[in-house]
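Throughout, read-outs are computed from the coordinates displayed, never taken from laboratory work. Values in this document were obtained by computation on a predicted structure and should not be read as measured data. Positions of Cβ are generated from backbone atoms using ideal geometry, with glycine treated the same way; all protein chains shown enter the neighbour counts.
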Amino acid sequence: MPSAPEACTAPRSCEARLPEGDCVIRLAPIQVDETLSSWLLRSAVAARCEPLTLTGVIWPGWRAWTVDLDRGLSDARLDALHRACGVDAERIRACEMRDLLRPLGASLSHAEPVWPWLAARGMRNRRNAGGQPFCPECLASDVRPYLRRAWRAAWNVGCLNHGCELLEHCCKCLAVHQPFRDTPRPVSLTSCWNCQFDHRSAIASRLDPWAAEMQARADTVLKCGTGALGSLEVATPAWFGVLQHCVRLKQPKELMVNGNPPVPIGPGLRFELLSVRERHLRLGRVASQLAQMTSQDVSCLLAGPQHPRSGEKRRSPTFRPNSGARPAGLVRQEWARLLRRMHRAYL
Ligand SMILES: [Zn+2]
Ligand SMILES: [Zn+2]
């Protein structure tokens, strides 16, 4: 529980007193499907205080912005936040990605650096290797712009309302969108931390119809608990398991299994580490191929020993200096990794 003297170091505009004497921070109202980090950041901006100050009042001694807050809070930290702001704990839980991803049945441990189906931020202190995905048209139409949980689900590569691909970088300087990064400039959910370009005026590419259809199907399967694969109706975890396997395949022809187990491509970046553009392309290819698969092919995918389960670790690519030219796929993977380390978009 935050003590009154600590809370009183925050600007007066963000505090009030409960009858029992606890100091309560007034946070902004949570928007529909808003992420935890977006809510806290907006609240800090509205209160005209540093995000670090706000979280320091809620969780003294914890550097909250150095971790991926959107994953979820421990029970103790949730309780501290609930006591500090008075918002119902269940309402706060509904902001967490853990709450959204739980139906997929995958292990969601904070010890895992990458969660299945959660677009990875790749955090190092308050800097991210991966950008925060956003729809520029949604941000432009928001009265109070905020970031949606859906944008961080790795199968969501576009906005179905506006028919555009999600962006995760600045269209002017290509720096990845990092609204939570420490910067001498005022924090903002809508502008580039590097060049101050207003993301709301960005023009995103159109969303591929196949990818849009696949994304909508995935959203439906997540809600309904089951999904169709060919003529089979399977549970949500199995449906997403097949999808995860398929998006890791390099070429669409590899999905034309005809009774033979498909073979995944060699090691590379996990789907959750790929850029939105790459995920967009893969999802579109998979959608068009899944539509052509027979029930036998689907059964093979569901039962095949090559079917990797969510969260399964893959081996790192190896390169032997004297083995000749570097494979093009390996070069692309290394280039993608380098750009991530440089906080630049991989298009
Ligand atoms: Zn939109
Ligand atoms: Zn920029």
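Ranked highest first by the average count of other Cβ atoms within 10 Å around their residues, in what order do 231-237, 214-220 fall? Don't skip to the answer; put the middle values down first.
Values: 231-237: 14.3, 214-220: 18.3.
Ranking the peptides 231-237, 214-220 by packing returns 214-220, 231-237.
Show me 95-101, 29-35 ranked by packing, highest mean number of other Cβ atoms within 10 Å first.
Going from most to least packed, we get 95-101, 29-35.
Loop-resident trypsin sites (Lys or Arg not before Pro) (DSSP state other than H, G, I, E or B) in segment 39-83 with no more than 13 further Cβ atoms inside 10 Å of their Cβ: ARG48, ARG63.
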